[in-house]
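The values are calculated or read from the model by the stated rules, or taken from the named source; none is laboratory data. Keep in mind it's a predicted model, so treat the numbers as computed, not measured. Neighbour counts are summed over all protein chains in view; Cβ atoms, including those assigned to glycine, are modelled from backbone coordinates with ideal geometry.
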Amino acid sequence: MARYDASGITISEMREFASFEPCEQRYIRRSLDIALGRGNAVARWARDDGEAASIHAQTDLYRDIPALRRMLPNVDGLDSLEPFMGHLMHLAAFDLAQDRIAGFSAFRFLYERLLGAEARPWLPAAFCAAAALPLIRPDRRRDLLQSISEAAATAQGWSTRAPIFYPEFVEAEPA
């Protein structure tokens with residue numbers, strides 16, 4: 001098996017990001033800006049009042065992310081599952097309801113960066129549960145649920161390698 005150095009992994013992650021639809025790329029960068037506190041997300045990303053309201057709601061929801069990260073190592077049974085999965089499904093449902101994440105790959109890419117590599121085993125369940133909620137349009141539910149491969153849904157193990165590439169907004173150079 002070939003070993004990848006950090007630059008090879010970074011390029012692989014950049015290629016994966018480049019394979020997403022432009023609206024997915026934009027939403028991932030916006031979400032990372034909000035989660036990581038990178039600048040003024042409303043000023044950078046809002047194109048209208050509706051999008052500004054969505055960014056404010058997302059900012060409020062994403063305040064739970066540090067608590068989710070702290071819960072993660074302690075999720076080991078049914079008693080500790082509900083608080084973690086409940087919060088994770090709430091975030092996932094919000095993100096999927098925005099109609100900008102078209103499938104599991106983009107969702108996984110975003111959530112690996114929001115929560116870290118330790119969250120990987122929980123992402124298929126959170127994605128499927130959120131995608132199946134009635135607040136998602138039936139045609140969209142079908143497309144979302146069909147986007148997760150059998151291999152991703154039934155994986156026996158997950159990589160613990162932390163993501164390296166965190167895409168961000170790049171200002172165009174003035175002409």
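Condition first: out of contact with any Leu (no Cβ under 9 Å at 6 or more places or on another chain) and under 20 Å from Ile164 (Cβ atoms). Now tell me which residues in the range 94-120 satisfy that.
Across the range 94-120, the qualifying residues are Ser105, Ala106, Phe109, Ala117, Arg120.
For the range 57-64, state whether one or more residues are among the aromatic types (Phe, Trp, Tyr), modelled with pLDDT of 95 or more and more than 21 Å from Glu118 (Cα to Cα).
No, the range 57-64 has no match at all.
Show me the helices (runs of 4 or more DSSP H) found entirely inside the range 88-175 where at least 2 residues are of a type in the set (Phe, Trp, Tyr), surrounded by 12 or more Cβ atoms within 10 Å (Cβ to Cβ) and in contact with a helix residue (DSSP H, G or I) (Cβ under 6 Å, 6 or more places away or on another chain).
So the answer is 104-115.
Looking at Ala52, Ala67, which one is farther than 15 Å from Leu115 by Cα, surrounded by fewer than 16 Cβ atoms within 10 Å (Cβ to Cβ) and either of a type in the set (A, V, I, L, M, F, W, C) or in contact with an Asp or Glu (Cβ under 8 Å, 6 or more places away or on another chain) (or both)?
Ala52
Which of the residues spanning the range 119-168 are farther than 17 Å from Glu16 by Cα, at pLDDT below 90 and hydrophobic (A, V, I, L, M, F, W, C)?
Ala151, Ala153, Ala155, Trp158
Among the listed residues Arg38, Arg26, which satisfies the condition of being basic (Lys, Arg), surrounded by 14 or more Cβ atoms within 10 Å (Cβ to Cβ), within 30 Å of Pro83 (Cβ to Cβ) and in contact (Cβ under 8 Å) with a residue 40 or more places away in the chain?
From the options Arg38, Arg26, the qualifying one is Arg38.
Limited to the range 63-82, what total is found for residues that are among the β-branched types (Val, Ile, Thr) and either part of a loop (DSSP other than H, G, I, E, B) or in contact with a Lys or Arg (Cβ under 9 Å, 6 or more places away or on another chain) (or both)?
Residues meeting the conditions: 1.
Quick check on this structure: which one of Ser31, Ser7 is on the phi < 0 side of the Ramachandran plot, polar (S, T, N, Q) and at pLDDT below 95?
Ser7
Any residue at all in the range 75-84 that is under 19 Å from the mean Cα position of the chain (by Cα) and surrounded by 15 or more Cβ atoms within 10 Å (Cβ to Cβ)?
Yes; the residues of the range 75-84 include at least one that is under 19 Å from the mean Cα position of the chain (by Cα) and surrounded by 15 or more Cβ atoms within 10 Å (Cβ to Cβ).
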